[in-house]
1. For A:Lys23, give me every one of the lysines with a C-alpha distance below 17 angstrom, ignoring sequence neighbours fewer than eight places off in its own chain.
2. For the residues B:His265, B:His65, A:His184, what sequence is obtained by ranking on other C-beta atoms within 10 Å, fewest first?
3. Projecting each Cα onto the charge dipole of the stretch A:41-84 (Lys/Arg +1, Asp/Glu -1 at the beta carbon, about the Cα centre), which of A:Ile45, A:Tyr84, A:Ser56 comes out farthest on the positive side?
4. Assigning unit charges at the beta carbon (Lys, Arg +1; Asp, Glu -1) and nothing else, what dipole magnitude in debye, to the nearest 20, does chain B show about its Cα centre?
5. Where does helix B:162-175 land angle-wise versus the long Cα axis of chain B, in degrees 0 to 90, nearest 10?
6. Can you give me the long-range amide H partners of B:Ile64? Hydrogens built in the peptide plane at 1.01 Å from N, cutoff under 5 Å, separation of 5 or more residues or another chain.
7. Cα atoms only: what Rg and Dmax, in Å, come out for chain A?
8. Would you work out which of A:Thr134, A:Phe208, A:Ser192 lies farthest towards the positive end of the dipole of the stretch A:102-241? Charges go on Cβ: Lys and Arg +1, Asp and Glu -1.
Amino acid sequence: MSVTTEQVRKTLARRYRAEKRFKAYGICAISIGLLALLLLFTDIIGKGYRAFYEYSVALQITFDPETLEINDPRDLEQLQYGNYEAVVREALLARFPGVEDRQDRRALAALVSTAAGYRLRDMLENSPELLGQTHTLWFQLDDDADMFLKSSEAKRKTARLSDQQQTWMLALEQGNEVRAGFNHSLFTRGDSREPEQAGILGAILGSFFTMLVTLALSFPIGVAAAVYLEEFAPKNRFTDFIEVNINNLAAVPSIIFGLLGLAVFIGLFGMPRSVPLVGGLVLTLMTLPTIIISSRAAIKAVPPSIRQAAMGLGASKMQVVLQFVLPLALPGMLTGGIIGMAQALGETAPLLMIGMVAFIVELPTGAMDAATVLPVQVFLWASSPEQSFVTMTSAAIMVLMTFLITMNTLAVVMRKRLERRW
Amino acid sequence: MDIAEKMNVFQDAVQVDPRVVAQEHMMTEENLYIPEKTVGAPFVDDPKMRMRDVNVFYDTDQAIHGVSLDIGKNEVVALIGPSGCGKSTFLRCMNRMNDTIDICRVEGSLHLENQDIYDPKLDVVELRARVGMVFQKPNPFPKSIYDNVAYGPRIHGLANRKTDLDEIVENSLRKAGLWDEVKDRLDSPGTGLSGGQQQRLCIARTIAVSPEVVLMDEPCSALDPIATAKIEELIRELSESYTIAIVTHSMQQAARVSQRTAYFHLGWLVEMNDTDTVFTKPQHELTESYITGRFG
């Protein structure tokens, strides 16, 4: 055995050890990342899953004309001012006879959501023949009563219900007069002061319109800017200056863009506050650098041989760009665009500045209606004191995360799909 | 140590930037050996392309020094010389591909028949339809074989009907000797062909627009000997209908395909003559050193 082989053998073992160590570091790093993700998801899902179902209670409702103070359900004015709460209260009192004290009666009525009254009015409006009839109906419970039922035995003691209320709830539970069902209002309603009536549809729509504006503006502008800078702009100090500033813009804290939007779009141009249009404009400014930078990288990655081939055949600059550079760069641009969009979807700070943090119950129907967005909704609910809003916050985060993960997956899939074509 | 050896050592050391090589040499004694005037017979009667006193600069570095030569009709001219001698740069002047390099500046007169190539009024699109180019590395478009060949005729509007286009595509592929190999899979991507087939596809693509001159920049340097032989055969056939200028590193190839050969050295055109004369009776010492393999 030669000296060299001997020497190589010695160092070889050391080299392999070093390689193993190196690999172990990598695995460690990934494990830490995954662990953090796991913790985050367990925490959020553990808290949030309870917002996806809700308890309702069965009540024997009599549409008594006298209690309702309605004798003609076709008269809209009477319908408007009907005393529906009284009907619900009567039904509860019928279930728990002997509650005489005024305060106790109020506590009993508080177990059922105030949405019950609106529901009765809608029923009566749709089918006037109900007047005078008696039906067993299921009603949403008030958020505190709902939370009491959702809580474990141990936690029920700390629930925000009085002892009296707890006794009633237990009675209802034992009599199988409460049942759990899917929380429809979470996905069909806007925000509300009452947690059981609050939903994220308003925020989802707000996010949707905001993203629509952002996408419609930032992608074309970003791609056009990138194409110009890469393909047409002369290389001089001025373009260098622009390039440096685009990179600077990418590093500007997002709240600054919010202040800019407040000053320019709302202050100078007199656009309304809290609307997705302004939100979209602000987020466009914020995502533009991301899209421009990633689009330029994608354009740079197009092999120069393709350009030369096309130019050698006599293709004009425009033809080269439109027929070769853009199709080849598109997957990269789309990925950049979707990542930019995902970033914009999760953005909160700049939107606070332009008033999208307002409490808005109505569902927005367009980009000019006052609205809020998902991350701001999370912020709003997280700062609410009601116990139910804690779970709703987590639920909203889950929905937001679902959107973000979907978008990122889409970016990966799209990239793979489009790249394979070439 | 004689001059050629010195140069050999020098070239081995500086295989990077041709312009640096040229510049450094200005200061040494070697460039004394580069002749004031091109040796041999660089000019022909009634040329297809006429180049006079061409200087090319990259920024402040001069890559081509006062090159004058003619390319005759239906002639294959080989441009040879050591790496970095400016032969590719010169070739790319002839269809203004150097325009795409911002720092590149071309001086002198270049004519395609009576047309001044660097006339500011001349549209490069038109020029490149007349002077086609085949590149060193096969670079088919990421499109189907058919679309690769049809691309040039399409953008120049050479075929109005589908049948015309089909005919152009078939003819071009036939001329490039590729038709029989690909006629059943015209819709499959051009990038799926082998290297030699890709290069022949690129040649088919170039001749589909019926150029008058075809420039080839080391078209075989990325190919194996068999594919190279096919391309060389093709070049000989094409020379019946086209004027061809080919840059090559292989002296055998130059000898096999060309009628006339130009030897470039450090940006100067040292010698140009009939290919036979250049390879059998070179008149300049530098040419001789190069073709006998003493450097390069």
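Just so it is clear, none of the values below were taken in a lab; they were calculated from the coordinates. Only a predicted model underlies this, so the values are computations on that prediction, with no experimental measurement involved. Cβ: placed from backbone, ideal geometry, glycine included. Neighbour counts: every protein chain shown.
1. none
2. Working: B:His265 29, B:His65 20, A:His184 11.
Placing the least packed residue first, the sequence is A:His184, B:His65, B:His265.
3. Result: A:Ile45, furthest along the dipole toward the positive end.
4. So the dipole magnitude of chain B works out to roughly 780 debye.
5. Once rounded, the angle reads 40 degrees.
6. B:Val56
7. Radius of gyration, then largest Cα-Cα span, for chain A: 30.4, 112 Å.
8. Result: A:Ser192.
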